[in-house]
Amino acid sequence: MFDYMKSLFKRKKCAICGKNAEKPANYYDDKGEKVVVCFQCVPYAERRAFRKR
Ligand SMILES: [Zn+2]
């Protein structure tokens with residue numbers, strides 16, 4: 001149960017830099033997959049044609 005709770009709150013990794021996303025923004029990548037992008041990579045995500053969700 002505790003592990004389940006932990007996984008719920010586990011930090012997501014940024015789809016671009018691969019680090020734990022700080023202040024993550026939700027995007028769809030070019031394949032339509034749900035990804036998170038950290039605030040530092042948001043401008044890059046916009047250029048990569050990621051779509052906000
Ligand atoms: Zn990033």
Output for segment 27-53, where each listed residue is in contact (Cβ under 8 Å) with a residue 24 or more places away in the chain and more than 13 Å from the ligand (Cβ to nearest atom): Tyr28, Arg51, Lys52, Arg53
Hits in segment 6-26 (condition: within 9 Å of the ligand (Cβ to nearest atom), at pLDDT 90 or above and in contact with a helix residue (DSSP H, G or I) (Cβ under 7 Å, 6 or more places away or on another chain)): Cys14, Ile16, Cys17
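The values are calculated or read from the model by the stated rules, or taken from the named source; none is laboratory data. Fair warning: this is a prediction, and the values are worked out from it, not measured in the lab. In this analysis, Cβ positions are derived from the backbone assuming ideal geometry, glycine residues included, and neighbour counts consider all displayed protein chains.
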